[in-house]
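The next block holds one structure in the form of structure tokens; read it before the comments.
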Amino acid sequence: MPTNADFERMLRGAALRVTAPRLAVLTAVHDHPHSDTDSILARVRETLGAVSHQAVYDVLRALTAAGLVRRIQPMGSVARYETRVGDNHHHVVCRSCGVIADVDCAVGDTPCLNASDHNGFVLEEAEVIYWGLCPDCSTSETSRSHQ
């Protein structure tokens, strides 16, 4: 589990100033992966008190641009953020409750999928989102169908 000192080193390593909002956002995203902006804002306010929505958006944008945070946006969902970056993992989303979980790459190399035609692009990563029912929702579905 990273400490504030670890987050400070990460920020400095990305040539970003160490500020209380950046530390609070990094901590919130690390502790609650796949959180949306409103959830992150609420957690940052628990830590820092008054902070604007725009400030959190700005910090998330800077952290994403620096490669410290990854932004994902499954179809029909708001943007979500995580600190697991650089390993080309994928995600699974529950169609019922919307919970998101990480799925490691099946092959492991970046990108882990081979495009049939990449039109001259140099491919850097592949993003896959699996859809289904989480264990809680699939149990609920099974229970309802047996009533």
For His89, His32, order by how many other beta-carbon atoms lie within 10 Å, fewest first: His32, His89
Residue-wise HN-Hα coupling along segment 55-66, computed from phi with Karplus coefficients 6.51, -1.76, 1.60 (Hz; x: Gly, Pro): 4, 5, 4, 4, 5, 4, 4, 5, 5, 5, 4, 7
Inter-probe distance in nm under a simple model that places probes 7 Å from Cα toward Cβ, at Leu16 and Ala101: 2.9
Residue-span extension gain [Ala42 to Asn4] - 0.36 nm each, minus C-alpha spacing: 11.8 nm
Using a Förster distance of 41 Å, the FRET efficiency for Tyr57-Thr139 (Cβ separation, nearest 0.05): 0.65
Binned Cα-Cα distances of the chain, short to long, each 5 Å bin given as a whole percent: 2, 9, 16, 17, 17, 14, 11, 8, 4, 2, 1, 0
Antiparallel bridge percentage (DSSP; both residues within the chain; nearest 5): 70
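Just so you know, all these numbers are worked out from the coordinates, no wet-lab data involved. The structure presented is a predicted model; accordingly, all values stated were derived computationally and were not measured. Please note: Cβ atoms are built from the backbone with ideal geometry, for glycine as well, and neighbour counts cover all protein chains shown.
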